[in-house]
1. Over the chain, what is the mean sequence separation of C-alpha contacts under 8 Å (at least six apart), divided by residue count, expressed as relative contact order in percent?
2. Antiparallel DSSP bridges in the chain: what percent, to the nearest 5?
3. Over the C-alpha atoms of region 8-223, what are the Rg and the largest Cα-to-Cα span, Dmax, in Å?
4. Compare the peptides 62-68, 190-196 by average per-residue count of other Cβ atoms within 10 angstrom and give them in order, highest first.
5. Residue 176 to residue 5: FRET efficiency via 1/(1 + (r/R0)^6), r the Cβ-Cβ distance, R0 41 Å, to the nearest 0.05?
6. Mind giving me the nanometre distance, one decimal, between the label points for residue 37 and residue 19, set 7 Å out from Cα along Cα→Cβ?
7. Thinking of region 142-227 as a set of Cα atoms, what percent of all their pairs are more than 20 Å apart?
């Protein structure tokens with residue numbers, strides 16, 4: 001891939017991709033590239049293989065969209081290659097049985113302002129680690145997740161935002177699933193998102209139940225987060 005003056009790129013391979021490392025490394029060599037959207041598919045019943053970016057160049061990309069199932073364990077090494085990243089969107093950040101790539105050094109992404117993540121079986125403590133490493137300067141955060149009730153713990157969110165995301169202006173969350181933590185019911189949990197911290201931020205939320213008989217689960221989401 002030799003396109004030295006390319007500023008914008010959209011990639012959509014027709015065939016299944018087993019490992020995207022080679023594709024990403026070719027993208028990194030495009031020294032003028034600012035916008036990149038990559039869409040690929042893996043077989044639905046397979047774990048995405050880890051991607052290793054240690055041998056890749058640093059990328060000039062400022063806006064990165066990954067429309068694919070991308071393994072959580074490869075995120076550290078991927079973001080290390082994007083020192084100028086301003087916007088990040090990953091359609092499906094997935095749990096993988098492969099170990100996290102924690103040996104990769106952490107890069108403080110001072111330009112990263114907008115993040116959108118759809119999380120698949122990523123527990124809150126794993127997301128928390130991402131935020132602690134990379135989201136210090138993030139102003140807009142949109143996440144969609146399900147199942148793990150820890151995402152409904154308002155105090156955990158308050159601690160994380162206060163300590164590691166002090167610049168956050170817009171918080172857009174969508175959680176679908178059960179909610180029960182330390183004996184607290186679903187409504188006990190979501191009612192805690194009305195404390196002074198959330199009121200001061202002017203972040204408001206609502207919820208819906210899938211079935212009237214199942215009041216311990218539902219869809220919890222932000223209302224008018226981009227007003």
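Readers should treat all values here as calculations from the given coordinates under stated rules, not as data from a laboratory. Fair warning: this is a prediction, and the values are worked out from it, not measured in the lab. With ideal geometry, Cβ positions are generated from the backbone for all residues, glycine too; neighbour counts draw on all protein chains shown.
1. Across the chain, relative contact order equals 12 percent.
2. 25 percent
3. Computed over the Cα atoms of region 8-223, radius of gyration and Dmax are 18.0, 56 Å.
4. Going by the mean number of other Cβ atoms within 10 Å, highest first, we get 62-68, 190-196.
5. After rounding to 0.05, the efficiency reads 0.40.
6. It works out to 2.9 nm between the two label points.
7. So the portion of pairs separated by more than 20 Å is 30 percent.
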